[in-house]
Amino acid sequence: MPKFEVLAAVLLMTFGLLVRIVTPPYQLADEINHFARAWQISQGKFLSPTIEVRAIERGDNPTTRDQIRWSCRGGRVTLKAEDEEFFAAEVPRSLMPSEFAIDVVNKFHAVNFGMQRKFLATPLNVDDTERHLIPNTGSYAPPAYFPQATATFVGRLMNWSAGAIYYAMSMSALLFVTACTFAAMKLLPEKKFLIFVLASLPMFLTEAASSSADAVIYAACLLGTAWLLSLRRSSEQLSTAEIFALMMFAVTLGLLKQVYGAILLLYWLIPRRRFKSMAQFVGVGVALILLELATSLAWLTFSGDFGRVPLFTGFYMGLEGIDPAAQKNFVLAHPTEFLAALVSSLMNQAVWFPKTFFGVLGIVNVYFPKIFYVGLLIALMVVASFGRLQLRWTERLIIFVAVAVTVAGVFGVEYLVWSSVGANIISGVQGRYFLPIALMALASLSAVEPPKFAAAFALAVGIFSAAATVWITFARFY
């Protein structure tokens, strides 16, 4: 029988391919905007151009105007946004046929495989383009789309069809995620069963086989977490190369998503004996945090043209009472009220968060049966208990702090962007935002040596989860 890691990688690639086949193009939250940003980066446009919303609204391109309404969840950007400039991308029309980009959103069982075959046969016409607003993805840094942008660049050089380029982007992301998952299992064999099951979850697997930046973010955080935890095992002094790699990981997190920078707190689990001195240990740890923050701030400032491009919030979609500056002042003045809103949100949406963690697919409109979520939660907890990491209570405390900081950060960002000033409930948070820290959080639950059936159980859970993802997606769209 092949090694568990090899079998797991084969299963992830197989089911990821099936998920990609049965998921119609652009039927994933924000994928249409992620795709446009990846295309833009493949052209060497690392800093996204901008356009005044009014210039699109008064244009003669109905597809683009429909796309704006679609990307704003069925509404449209309001008059409040028409004088603003947001990030925009020029994308070939052939890459975004309206039957996928618009029509499927408001229909049920609207797709057949003939449509996808037609898309695969559609020639790429780079001269016939249209503008697409990408207000929420235009600030993403190029590394977030490395596999997808690379595949797109190669596809253009080889004169692939529009559909072939689209699917090549997704498959390159899947290959990248699978490679990172395989490496994570090799680095941290104590938690290889948990790593495989996490990568097999519906939300993780669907994002992995897409043009979304979440594929790279999930994979990088999974691999980085496994690597940091693995550094606990050795007693040899850290090499210069390892310290440099730590710095590069901090830079990577800063470019991908600042809110997941708390993963770097796992550095403090590395034994002190691996450093020349306490001063080096503390100095490197502090430098990692500062480097991640500085990288993120520098990119966001630079990419946003030093504040000229506004933060795209619910205000521009007509939601009342949203003011990020006022909200920030409110949180600073009343931190306990923000924490109360966070706790209230966790309690009031206690069912929503697990559902969207495991998987509410499509445009957040494809659900699994309730029993599926319950069963998968129980199975995940069982797998998480396998494999002793021999964590001391102080190490578990560090992990708890890292998780708490990330949770507060995610809720804080959504509080600024999607919630009215001083709101008692924080809007806009989905469970999938916590997939990048799932390994870190669940690794702390390690309690028992893996039983003899651990590998078979993990494989069964992963296969069931992935197969259910394929089936529920097929049933929704076909």
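The values are calculated or read from the model by the stated rules, or taken from the named source; none is laboratory data. For clarity, every value in this text was computed on a predicted model and none was experimentally measured. Note that we place each Cβ from the backbone using ideal geometry, even for glycine, and neighbour counts take in every protein chain shown.
Per-structure values
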item	result
Of the criteria (1) under 20 Å from L445 (Cβ atoms); (2) surrounded by fewer than 21 Cβ atoms within 10 Å (Cβ to Cβ), which one A226 fails	(2)
Filter result (among the small types (G, A, S) and touching a Phe, Trp or Tyr at 6+ places or on another chain (Cβ under 7 Å)) within region 422-443	G422, S427, G428, G431
Flag if R476 is at pLDDT below 95 and of a type in the set (K, R)	yes
Qualifying positions in region 306-361 - hydroxyl-bearing (S, T, Y) and more than 27 Å from Y140 (Cα to Cα)	T336, S344, S345
Wholly within region 179-232, helices (runs of 4 or more DSSP H) carrying at least 1 residues that are at pLDDT 95 or above and in contact with a strand residue (DSSP E or B) (Cβ under 9 Å, 6 or more places away or on another chain)	192-200, 202-208
Check on P189, surrounded by fewer than 22 Cβ atoms within 10 Å (Cβ to Cβ) and over 20 Å from L435 (Cα atoms)	no
Matching entry among T252, T295 (being within 20 Å of G412 (Cβ to Cβ) and at pLDDT 95 or above)	T295
Every residue from region 264-307 that is among the small types (G, A, S) and either in contact (Cβ under 8 Å) with a residue 60 or more places away in the chain or in contact with a helix residue (DSSP H, G or I) (Cβ under 6 Å, 6 or more places away or on another chain) (or both)	G285, S296, S303, G304
Test: A423 is closer than 30 Å to D323 by Cβ, in a helix (DSSP H, G or I) and not β-branched (V, I, T)	no
Failed item in (1) more than 22 Å from R476 (Cβ to Cβ); (2) touching a Leu at 6+ places or on another chain (Cβ under 8 Å); (3) at pLDDT below 95; (4) among the small types (G, A, S), with G359 passing the rest	(1)
Meets criteria (farther than 17 Å from L228 by Cα and not polar (S, T, N, Q)) for L332	yes
Any hit, region 276-295, residues being over 23 Å from the mean Cα position of the chain (by Cα) and not in a helix (DSSP H, G or I)	yes
Candidate set: region 381-401, residues that are of a type in the set (D, E, K, R) and over 9 Å from S444 (Cβ atoms); chosen: the one modelled with the highest pLDDT	R392
Complete set of residues in region 436-452 that are charged (D, E, K, R) and either more than 11 Å from R388 (Cβ to Cβ) or in contact with a helix residue (DSSP H, G or I) (Cβ under 7 Å, 6 or more places away or on another chain) (or both)	K452
Among (1) assigned to a loop (DSSP other than H, G, I, E, B); (2) among the aliphatic types (A, V, I, L, M); (3) at pLDDT 95 or above, the one test that L238 misses	(3)
Extreme residue, modelled with the lowest pLDDT, among residues of region 18-34 that are within 19 Å of A219 (Cβ to Cβ) and out of contact with any helix residue (DSSP H, G or I) (no Cβ under 7 Å at 6 or more places or on another chain)	A29
Residues that are under 29 Å from F477 (Cβ atoms) and surrounded by 12 or more Cβ atoms within 10 Å (Cβ to Cβ), drawn from region 332-356	Q349, W352, F353, P354, K355, T356
Tally, over region 359-373, of residues that are outside any loop (DSSP other than H, G, I, E, B) and more than 18 Å from A199 (Cα to Cα)	3
Region 19-38, residues that are in a helix (DSSP H, G or I) and surrounded by 19 or more Cβ atoms within 10 Å (Cβ to Cβ)	V19, R20, V22, E31, I32, N33, H34, F35, A36, R37, A38
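Each row is one residue, and each column tells you yes or no for (1) within 24 Å of F87 (Cα to Cα); (2) of a type in the set (D, E, K, R); (3) under 19 Å from the mean Cα position of the chain (by Cα); (4) exposed (fewer than 13 other Cβ atoms within 10 Å of the Cβ).
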position: F244; (1), (2), (3), (4): no, no, no, yes
position: V251; (1), (2), (3), (4): yes, no, yes, no
position: L256; (1), (2), (3), (4): yes, no, yes, no
position: I270; (1), (2), (3), (4): no, no, no, no
position: S303; (1), (2), (3), (4): yes, no, no, no
